[in-house]
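The values are calculated or read from the model by the stated rules, or taken from the named source; none is laboratory data. Quantities reported herein were computed from a predicted structural model and do not represent experimental measurements. Here the Cβ positions follow ideal geometry from the backbone for every residue, glycine too, while neighbour counts run over all protein chains shown.
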Amino acid sequence: MKLMMAFMPNCREVAKTLCGGGLASEPWHRRLLIRLHLSRCVFCARFGRQMDRICESLKAAWAEPKGEDVEAFKRRVIERLGPP
Amino acid sequence: MESQPVRWSIEDLRARKPEALTAMVNDHLPTLLAGALAVGLSRADAEEVVQETFVAFLSGLDRFEGRSTLRTYLFGILYHKASNLRAKARREEGSDDIEAVVSARFDPAGMWARPPGGPEALALDSEIRGWVEKCSEGLPDAQKAAFFLKEIEGETPEAICNVLGVSATNLRVMLHRARLKLRECLELNWEKSR
């Protein structure tokens with residue numbers, strides 16, 4: 001356990017990972033240590049949840065527009081691109 | 001019964017086959033429109049830029065070598081057109097001091113000196129979505145485009161670097177800063193609302 005703690009990333013490093021490529025970009029042993037840190041650090045866990053919420057919110061905000069106005073726009077574009 | 005998707009090729013587009021043009025527009029217009037809105041264009045400007053993107057693509061069809069997917073190729077054209085349009089009206093973006101802001105949150109040992117505040121379970125999803133959407137408007141175009149391609153479209157880093165003309169290191173920094181800025185902005189809005 002002591003050895004593991006010696007290699008435990010600090011809050012700054014955890015936050016950097018969560019803001020960067022995320023856990024998936026880290027090797028397995030580093031992922032394990034970060035998960036352990038997140039289970040013990042309420043602030044880093046909150047930081048991580050907020051990062052997830054930001055992504056989810058932007059996915060909703062930037063979703064592909066749908067509806068009759070998009071279909072009408074498609075028709076205008078096709079008309080413009082079509083043969084004269 | 002759902003209609004079968006129309007199969008088409010670049011050769012069909014070169015021949016200006018109407019069914020190929022229609023299928024291409026149907027396949028790619030929603031994504032391009034979402035991308036144009038995501039980088040901060042108004043709906044009217046976004047539609048104009050999307051139309052110009054298709055026109056530019058068809059007029060320079062021979063330049064498309066198929067090294068990237070058609071979607072990322074089209075997004076590359078769109079991004080440059082959108083950037084040119086916004087550059088006219090955009091004020092100079094100040095120095096990016098987000099790293100300093102975040103650095104000040106940690107003590108020398110790398111532990112939180114000023115822990116992250118902000119919304120958790122108590123805030124409504126719709127409220128957070130509103131704040132995040134508003135905060136995203138303050139990001140530089142390149143960061144918004146990188147975020148859109150990575151998180152929404154799930155593009156590979158190589159494809160995004162190609163579209164935006166940046167290195168892999170730059171892309172990592174851009175995404176990192178975009179997320180930090182959004183989080184700081186989210187916390188600020190949350191504090192104001194209390």
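If a residue must be in a loop (DSSP other than H, G, I, E, B) and more than 8 Å from chain B (Cβ to nearest Cβ), how many such residues does segment A:56-84 contain?
Total meeting the criteria: 2.
Determine, yes or no, whether B:E48 is surrounded by fewer than 20 Cβ atoms within 10 Å (Cβ to Cβ), under 23 Å from A:A61 (Cβ atoms), modelled with pLDDT of 90 or more and not aromatic (F, W, Y).
Yes: the conditions hold for B:E48.
Which of the residues spanning segment B:174-194 are assigned to a helix (DSSP H, G or I), free of Cβ contacts under 8 Å to residues at least 12 places away in the same chain and more than 9 Å from chain A (Cβ to nearest Cβ)?
Scanning segment B:174-194 gives B:L188, B:K192.
Find all pairs meeting these conditions: Cβ atoms under 9 angstrom apart; at least six residues apart or on different chains; first residue within segment B:37-59 and on the phi > 0 side of the Ramachandran plot; second residue in a helix (DSSP H, G or I).
B:G40/B:A82; B:G40/B:R86; B:G40/B:S136; B:G40/B:D141; B:G40/B:K144
Under the condition of being at the interface with chain A (Cβ under 8 Å from one of its Cβ atoms) and among the β-branched types (V, I, T), which residue from segment B:21-56 is farthest from A:A72 (Cα to Cα)?
This residue is B:V55.
Sort out which residues of segment B:139-159 are over 17 Å from A:A61 (Cβ atoms) and in contact (Cβ under 8 Å) with a residue 24 or more places away in the chain, and write them in order of number.
Of everything in segment B:139-159, those that are over 17 Å from A:A61 (Cβ atoms) and in contact (Cβ under 8 Å) with a residue 24 or more places away in the chain turn out to be B:P140, B:A142, B:E155, B:A159.
Within segment B:1-75, considering only helices (runs of 4 or more DSSP H) that don't extend past its boundaries, which have at least 3 residues that are among the charged types (D, E, K, R)?
Of the helices (runs of 4 or more DSSP H) lying wholly inside segment B:1-75, those with at least 3 residues that are among the charged types (D, E, K, R) span B:10-14, B:43-59.
Determine whether A:L33 is surrounded by 13 or more Cβ atoms within 10 Å (Cβ to Cβ) and either more than 13 Å from chain B (Cβ to nearest Cβ) or in a loop (DSSP other than H, G, I, E, B) (or both).
Yes; evaluated as a whole, the condition is true for this residue.
Taking A:A45 as the residue in question, decide whether it is small (G, A, S) and facing chain B (nearest Cβ under 7 Å).
no
Give me a count of the residues in segment B:56-83 that are closer than 20 Å to B:S42 by Cα and either in contact with a Ser or Thr (Cβ under 8 Å, 6 or more places away or on another chain) or at pLDDT below 85 (or both).
Selection size over segment B:56-83: 6.
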